[in-house]
Structures are given as structure tokens and as C-alpha cells.
1. Leaving ligands, DNA and RNA out of it, report the carbon-plus-sulfur percent of the accessible area of region 1-102 at a 1.4 Å probe.
2. If we sort 85-91, 52-58 on the protection proxy, mean other Cβ atoms within 10 Å, highest first, what's the order?
3. What is the calculated FRET efficiency for Leu16 to Ala58, with r their C-beta to C-beta distance and R₀ = 25 Å, to the nearest 0.05?
4. Starting at the first residue of region 14-21, write each ³J(HN,Hα) from the Karplus equation 6.51 cos²θ - 1.76 cosθ + 1.60 with θ = phi - 60°, in whole Hz, x for Gly and Pro.
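The values are calculated or read from the model by the stated rules, or taken from the named source; none is laboratory data. On a predicted model such as this, the values are computed, not experimentally measured, just so you know. Cβ coordinates were reconstructed from backbone atoms using ideal geometry, including for glycine residues, and neighbour counts include every protein chain displayed. Surface areas here come from the heavy atoms of the whole protein model, side chains and all, with no ligands, DNA or RNA. Shrake-Rupley method; radii C 1.70, N 1.55, O 1.52, S 1.80 Å.
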Amino acid sequence: MAADVGDPEDPPAEVLAEAAAAFGLLASSARLHIMWALAQGESDVTHLADRVGGALPAVSQHLTKLRLAGLVRSRRDGRRQVYYVDDPDVVTVVRLMVGQLAARAETASSVPVRRLRGAGA
């Protein structure tokens, strides 16, 4: 990642705005599920739609938004368009956040996962 967590200086406003936009895209559970699936390996839209349980046109639209934001890339493989996450830092963030919440839910099945909704400004 570009800046260390312990850096005393705040990042420039442009960097914060770009990060907020990326997190905004990942705020959709459907797009986050797609990112989680792509963090495990590349896939075409048909397989992604099957995996995430979404309609093909909706998954395609989500992929377009993620691609335009630079979070996902694509390449042609014969007649298929294959999608993948090219940034290891994005993969790390998605795996860490989703993985931690899943682990909490699994280890404390009697205690519900803390709701983060409404926690922000």
C-alpha cells in the first residue's frame, strides 16, 4: 500500500476522495460479493452471476462500474470476457474485511455480528 498506517501526515484530499469513491462502490453487498469471488480468482460474467446468485444483466452492470473505477480489469478469452482483480491491495482489503466478519460470525454464533450500519456519519 502507498502509505504506512503509522505515517504522521494525512493523505492528500484527492487520495481520500478516491478511497471514499472505492469504498462507496464496495458498499453494495452485490458488488462486494463479486469482489470477494474475484479475489479468489478470475471469472466470466456467467459464472459470477451463478456464484453470487445475481441476474446476468445486473452482475454485468456491477462489473462495468467496478471496471470503470479501476477495481476490476478484464481480458478477452476467445468469446468470453474474463474479469479479475489486478491490485493485490484491493484483494487484501476485501479478504480482510469480509474474512474477519465471517470469522466473528462463525466463532460467536450465539452473538450476532455487530451491525456497522449507521455507525458512520
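1. Working: 3720 of 6680 Å².
Looking at region 1-102 in its full context, I get 56 percent from C and S.
2. Those peptides, ordered most packed to least, come out 85-91, 52-58.
3. On the way: r = 30 Å, r/R0 = 1.19.
It comes out at approximately 0.25.
4. 5, 5, 4, 5, 5, 5, 4, 5
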